[in-house]
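Heads up: the structure comes next, in structure tokens.
The values are calculated or read from the model by the stated rules, or taken from the named source; none is laboratory data. This is a predicted model, so every value here is computed, not measured. Note that each Cβ is placed from the backbone with ideal geometry, even for glycine, and that neighbours are counted across all protein chains shown. What goes into the accessible areas is simple: the full protein's heavy atoms, side chains included, and nothing from ligands, DNA or RNA. Shrake-Rupley method; radii C 1.70, N 1.55, O 1.52, S 1.80 Å.
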Amino acid sequence: KKFNVAVVGATGAVGQELLKILAERNFPVKSLKPLATQRSAGKQIPFGGNTYTVEATTAQAFDGVDIALFAGGSASKEFAIEAATRGAVVVDNSSAFRMDPKVPLVVPEVNPEDVKNHQGIIANPNCSTIQMVVALKPIHDAAKIKRVVVSTYQAVSGAGKEAIDELTEQVKELAEGKEVVPKVFPYQIAFNLIPHIDVFADMDYTKEEWKMVNETKKIMHDDSIQVTATTVRVPVYRSHSESVNIETERKITAEEAKKVLASAPGIIVLDDPREKKYPMPLFTSDRDEVFVGRIREDNSIENGLNMWVVADQLRKGAATNAVQIAELLIKYNCL
Ligand code: 11C
């Protein structure tokens with residue numbers, strides 16, 4: 001069986017990746033409808049050997065659509081409910097519905113069965129949450145996680161196409177001795193880092209930091225896991241990195257942790273310090289797996305573990321995860 005698929009935000013950084021991954025994974029597409037803002041309507045987009053014309057997103061555009069993949073942004077609040085009402089199952093990459101108790105929040109390696117409970121919308125978690133929970137799940141199953149302290153090093157592409165261009169332009173301008181004028185980020189991002197992603201919220205944490213706290217508990221089905229996060233933008237184009245410190249109820253040695261991580265789905269353990277092997281954005285981009293390295297026991301507490309988690313946040317952190325959810329919908333027959 002094949003399906004009518006709409007991609008909303010098809011011209012953006014995540015939208016482009018969605019199209020690439022649908023084609024790569026031979027997703028059973030009967031018809032494809034690339035949707036975007038009025039500004040992008042009329043653009044030509046290649047897919048699976050054909051060319052498609054981008055249409056403006058309207059409520060009517062979802063008539064007859066089986067699966068609507070929303071890349072994220074304001075279109076979700078405006079059109080996701082409308083798309084579901086018109087019969088499409090929505091996989092939404094925005095933060096609009098993630099914490100809604102009626103909306104499953106799914107990472108296929110962690111809570112695949114949750115897709116079965118959808119009522120028309122399934123949420124794709126935040127990119128920095130996705131890669132962290134993929135790596136936390138096997139540790140949680142083996143030793144029960146009590147607390148996580150995470151610091152992120154997030155690539156500019158997490159903030160979209162314009163942010164990618166901003167980094168390139170600033171590097172050029174600075175090399176030419178020119179002054180830079182930040183547009184997307186609040187400060188110069190080239191040769192700098194910015195400990196501020198998304199807007200500031202409760203207790204002076206950013207919304208990005210709260211997403212990591214709240215989404216983790218929902219995906220892992222465990223409100224007892226304590227998470228505290230510091231999220232930082234770094235001048236890297238692609239792949240988010242995370243330093244993750246974990247406290248567990250039962251002792252898990254570094255050796256055991258490496259074993260359970262290596263046999264978990266979607267993970268590649270890259271951890272050989274003597275050979276200088278550890279995950280880096282340079283080598284994890286354009287890959288679907290979550291890379292884990294620098295796995296060490298935390299010498300400062302009884303049951304503690306440190307690890308370094310890197311993944312392509314446009315792929316596993318967004319588009320790949322969304323397409324995997326769509327594949328689960330087919331597998332579980334819940335379209
Ligand atoms: C970033 N994590 O890197 C953000 C992008 O809630 O889906 C994704 C925002 C979200 O800027």
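Can you give the extra length, in nm with one decimal, that the chain gains between residue 234 and residue 276 once fully stretched, where that is 0.36 nm per residue apart less the Cα-Cα distance?
Roughly 12.9 nm would be gained on extension.
Name the long-range amide H neighbours of residue 147: under 5 Å, sequence gap of 5 or more, or other chain; modelled H, no Pro or chain starts.
Those qualifying (amide H under 5 Å, at least 5 residues apart or on another chain) are 226, 247.
Suppose R0 equals 35 Å; then what is the FRET efficiency for residue 192 and residue 296 from their Cβ-Cβ distance, rounded to the nearest 0.05?
According to the calculation, E is roughly 0.75.
Could you list which residues have their amide H under 5 Å from that of residue 196, counting only those 5 or more apart in sequence or on another chain, with H placed in the peptide plane?
HN-HN under 5 Å from residue 196: 233.
Which of the peptides 287-294, 24-31, 262-269 is most tightly packed, and how do the rest follow, going by the mean number of other Cβ atoms within 10 Å of each residue?
Per-residue mean Cβ counts within 10 Å order the peptides as 287-294, 262-269, 24-31.
Please sort 156-166, 179-189, 2-12 by packing, taking for each peptide the average over its residues of neighbouring beta carbons within 10 angstrom, highest first.
Packing proxy ranking, top to bottom: 2-12, 156-166, 179-189.
Provide the net charge surrounding residue 57, with neighbours chosen by a C-beta distance below 15 Å and charges set as Lys +1, Arg +1, Asp -1, Glu -1.
For residues surrounding residue 57, the net value is 0.
Considering the dipole of the chain built from charges on the beta carbon (Lys and Arg +1, Asp and Glu -1) around the Cα centre, which of 279, 239, 41 is farthest to its positive end?
41
Can you give the FRET efficiency to the nearest 0.05 for residue 161 and residue 283, using r as the Cβ-Cβ distance and R₀ = 25 Å?
After rounding to 0.05, the efficiency reads 0.65.
Taking 26 Å as the cut-off for C-alpha to C-alpha distance, list the pairs among 116/217; 30/116; 30/218; 20/183; 20/43; 43/172 that go past it.
Pairs exceeding 26 Å: 30/218; 20/183; 43/172.
Need the list of lysines near residue 277 for cross-linking: C-alpha distance under 25 angstrom, and skip anything on the same chain fewer than eight residues off.
Cα-Cα hits under 25 Å: 137, 258, 259, 316.
To the nearest 10 Å², what's residue 241's accessible area with a 1.4 Å probe?
About 10 Å², ignoring ligands and nucleic acids.
At 7 Å along Cα-to-Cβ for each site, give me the label-to-label distance between residue 202 and residue 258 in nm.
4.0 nm
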